[in-house]
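The values are calculated or read from the model by the stated rules, or taken from the named source; none is laboratory data. Every value quoted in this text rests on a predicted model; they were computed, and no experiment measured them. Neighbour counts are summed over all protein chains in view; Cβ atoms, including those assigned to glycine, are modelled from backbone coordinates with ideal geometry. Surface areas here come from the heavy atoms of the whole protein model, side chains and all, with no ligands, DNA or RNA. Shrake-Rupley method; radii C 1.70, N 1.55, O 1.52, S 1.80 Å.
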Amino acid sequence: MSESQTKEWNGHHGSVQASANGFDIIDCQAQGFKHAIPVPTAEELTNAYKHEYYSSEKPLYLERHREDLEWWNMVYAERYETLEAHLPQGRRRLLDVGSGPGFFLLHGKGRGWDVMGIEPSVQAFEHSQGLGLNVTNQFLSAENAASFGKFDAVNMSEVLEHIPDPESFLKLIHGMLAEDGLISIAVPNDFNSFQKAAVEQQALPTWWVAPPHHLNYFDHASLAQLVERCGYEVVYQEATFPIEMFLLMGDLYIGNDTLGRACHGRRKNFELNLQRSGMGSLKRQMYQKLAELGLGREVVIFARKK
Ligand SMILES: [Zn+2]
């Protein structure tokens with residue numbers, strides 16, 4: 001890892017933060033966020049997401065989602081509560097881009113939202129159909145975007161880190177939103193201070209660097225700036241639990257799935273115990289403060305179309 005080296009590719013240029021799998025991660029000065037170069041084309045990525053993702057990359061996803069259901073329902077409820085707080089009554093049409101197995105949509109449907117999903121993975125799409133959800137099995141593109149109509153809210157959870165051109169993508173979504181519509185985004189918060197401390201103190205590799213699956217490496221500041229540049233105004237920003245605290249406390253869960261699940265279980269306990277004590281609001285205030293400090297495993301942003 002040579003932080004001082006600068007690289008350039010097709011107008012993207014910046015200092016190299018890490019290198020893996022034939023890609024360099026640069027802090028792109030042209031775009032204001034970190035991403036892999038060379039940038040693969042959408043076509044090069046299509047096959048991986050259509051056929052391989054949920055079977056080879058996420059084999060345990062469904063089983064673990066069932067195990068974590070109470071916790072996920074808390075997470076989903078908070079997402080919808082924030083959308084509802086920033087939208088008038090009656091504005092409840094939501095699109096989930098990269099809707100996966102459909103659980104976020106199912107939760108919204110149960111709250112009375114009119115929900116639709118777009119999901120490229122065949123397995124995840126079939127799972128959603130089994131839940132009785134309105135999901136289409138394709139990639140969102142400039143060619144098909146208009147055919148889905150207008151939405152009051154568009155959710156993108158763990159999507160933007162995979163997209164070759166997130167700026168064009170956010171602008172495309174802009175055109176699919178009704179007036180004053182909202183987006184909600186969750187992406188990994190990468191190259192954060194706790195990760196860097198763990199690399200330095202626990203002799204760990206930069207485990208979060210995973211091109212070509214992860215092409216973009218956002219943080220709280222760079223995602224907010226990108227969203228604003230694409231025609232949105234940020235209305236709410238928070239972090240998720242800073243899971244790397246376990247690494248700094250000595251639980252080296254990287255590459256240790258059993259320990260990783262144990263750490264995740266403690267994080268769930270922490271959040272559910274606060275929630276059950278009526279301190280869900282305190283928990284969220286804490287995560288807003290963590291976002292201000294640039295911490296937390298993920299960046300979560302809600303923004304309104306301008
Ligand atoms: Zn760039």
Quiz item: In this structure, is Phe194 over 15 Å from the mean Cα position of the chain (by Cα) and either at pLDDT below 95 or assigned to a helix (DSSP H, G or I) (or both)?
Solution: yes
Quiz item: Looking only at the range 196-238, which residues are closer than 30 Å to Gly280 by Cα and among the basic types (Lys, Arg)?
Solution: Lys196
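Yes or no, residue by residue, for (1) within 16 Å of the ligand (Cβ to nearest atom); (2) within 23 Å of Ala142 (Cα to Cα); (3) not basic (Lys, Arg):
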{"position": "Arg64", "(1), (2), (3)": "no, no, no"}
{"position": "Glu84", "(1), (2), (3)": "no, no, yes"}
{"position": "Gly117", "(1), (2), (3)": "no, yes, yes"}
{"position": "Gln129", "(1), (2), (3)": "no, no, yes"}
Quiz item: Do any strands (runs of 3 or more DSSP E) entirely within the range 1-47 hold 2 or more residues that are more than 13 Å from the ligand (Cβ to nearest atom), and if so, which?
Solution: 12-20
Self-check item: Candidates Glu78, Glu67, filtered to the one that is within 22 Å of Glu271 (Cα to Cα) and in contact (Cβ under 8 Å) with a residue 60 or more places away in the chain
Solution: Glu78
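Here is a yes/no grid of residues against (1) at pLDDT 95 or above; (2) of a type in the set (Ser, Thr, Tyr):
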{"site": "Thr41", "(1), (2)": "no, yes"}
{"site": "Thr46", "(1), (2)": "no, yes"}
{"site": "Glu57", "(1), (2)": "no, no"}
{"site": "Arg66", "(1), (2)": "no, no"}
{"site": "Trp71", "(1), (2)": "yes, no"}
{"site": "Val75", "(1), (2)": "yes, no"}
{"site": "Glu84", "(1), (2)": "yes, no"}
{"site": "Leu95", "(1), (2)": "yes, no"}
Practice problem: Return the residue satisfying two criteria in turn: it lies in the range 215-233 and is touching a His at 6+ places or on another chain (Cβ under 8 Å) and surrounded by fewer than 21 Cβ atoms within 10 Å (Cβ to Cβ), and of such residues it is nearest to Glu43 (Cα to Cα). | Solution: Cys230
Exercise. Go through the residues of the range 179-187 one by one and say whether even a single one is assigned to a loop (DSSP other than H, G, I, E, B), in contact with a strand residue (DSSP E or B) (Cβ under 8 Å, 6 or more places away or on another chain) and among the acidic types (Asp, Glu).
Key: no
Practice problem: Check off (1) open to solvent by 30 Å² or more (accessible area, probe 1.4 Å); (2) within 16 Å of the ligand (Cβ to nearest atom); (3) modelled with pLDDT of 95 or more; (4) of a type outside the set (Gly, Ala, Ser) for Leu106 and give me the number that stays unchecked. | Solution: (2)
Self-check item: Which listed residue is over 26 Å from His174 (Cβ atoms) and under 18 Å from the mean Cα position of the chain (by Cα), from Tyr80, Tyr76, Tyr61
Solution: Tyr61
Quiz item: Considering the range 163-178 alone, what residues qualify as being surrounded by fewer than 18 Cβ atoms within 10 Å (Cβ to Cβ) and not in a helix (DSSP H, G or I)?
Solution: Asp165, Ala178
